[in-house]
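Some notes on the structure that comes next.
The values are calculated or read from the model by the stated rules, or taken from the named source; none is laboratory data. Quantities reported herein were computed from a predicted structural model and do not represent experimental measurements. Every residue, glycine among them, receives a Cβ derived from its backbone with ideal geometry; neighbour counts consider all protein chains shown.
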Amino acid sequence: MSGNYFGQAGIFLIQALFGFYILAVLLRLLLQWARASFYNPISQFLVKITNPPLVPLRRVIPGIAGIDLASVVLLVALQLAELVLIGLLLGQGLHFTGLLVLTLAKLISLLLTVFLFSILIQVILSWVRPGDSNPMSDLLYSLNEPLLGPARRLLPPISGFDLSPILVLLALQLLSILVVAPLADLGRSLS
């Protein structure tokens with residue numbers, strides 16, 4: 001009976017440690033893509049904690065068309081390693097194709113979740129401290145503007161109310177339902 005508790009504790013630790021680092025690498029990749037300020041303290045933190053594996057990887061894997069492929073490879077490798085470790089702890093059979101599809105589903109889900117929360121935080125900050133500039137709000141604006149800008153063109157502000165975050169949040173939820181859930185189901189069926 002106590003072995004089950006240790007297994008659950010092990011799974012929790014694996015998910016927490018890998019989840020934190022995967023999130024850091026994903027945020028770094030997204031902030032590079034959005035061309036956010038490199039000198040922002042939050043950007044500097046992400047660079048410092050993700051540089052140890054990324055610097056050697058970049059020597060082998062170059063970027064293509066502005067996409068940091070080393071970060072993408074690191075994300076896939078970390079997520080795959082997390083799933084393999086959890087599968088081993090649970091004593092499940094491991095099928096590479098299923099694990100790869102699950103890895104893709106989990107990374108897309110994390111990407112959508114990052115945008116969902118960053119938009120919600122940006123909206124809340126705009127209500128609480130409108131026009132205030134701080135490192136967090138500057139990064140959130142840089143990160144979310146590639147999504148909110150086109151949505152604002154589709155749905156312009158009405159009487160001073162910007163409804164574009166609602167449109168983007170709906171689209172993110174639809175992507176989660178129509179893309180991530182079927183991918184995760186396919187990955188589980190292949191495992």
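Which is aromatic (Phe, Trp, Tyr) and over 19 Å from the mean Cα position of the chain (by Cα), of Phe96, Phe117?
None of the others qualify; the one that does is Phe96.
Hey, Ala9 hits all of (1) outside any helix (DSSP H, G or I); (2) loosely packed, with under 14 Cβ neighbours inside 10 Å; (3) not acidic (Asp, Glu) but one; which does it fall short on?
Among (1) outside any helix (DSSP H, G or I); (2) loosely packed, with under 14 Cβ neighbours inside 10 Å; (3) not acidic (Asp, Glu), the lone unmet condition for Ala9 is (1).
Look at the range 63-98 and say how many of its residues are farther than 26 Å from Trp33 by Cβ and buried (at least 18 other Cβ atoms within 10 Å of the Cβ).
Residues meeting the conditions: 1.
Count, please, the residues in the range 83-128 that happen to be assigned to a loop (DSSP other than H, G, I, E, B) and touching a Ser or Thr at 6+ places or on another chain (Cβ under 8 Å).
Matching residues across the range 83-128 total 4.
Hey, among the residues in the range 162-191 that are exposed (fewer than 14 other Cβ atoms within 10 Å of the Cβ) and small (Gly, Ala, Ser), which one's farthest from the chain's Cα centre (by Cα)?
The extreme case among them is Ser189.
With respect to Ser159, is the statement that it is hydroxyl-bearing (Ser, Thr, Tyr), farther than 30 Å from Gly98 by Cβ and loosely packed, with under 14 Cβ neighbours inside 10 Å true?
yes
So, Leu80, is that one touching a helix residue (DSSP H, G or I) at 6+ places or on another chain (Cβ under 6 Å) and at pLDDT 95 or above or not?
Yes: the conditions hold for Leu80.
If you scan the range 85-98, which residues turn out to be under 23 Å from Ala9 (Cβ atoms) and touching a Leu at 6+ places or on another chain (Cβ under 8 Å)?
The answer is Gly87, Leu88, Leu94.
Taking Tyr21, is it modelled with pLDDT of 95 or more and more than 18 Å from Ala184 (Cβ to Cβ)?
Yes: the conditions hold for Tyr21.
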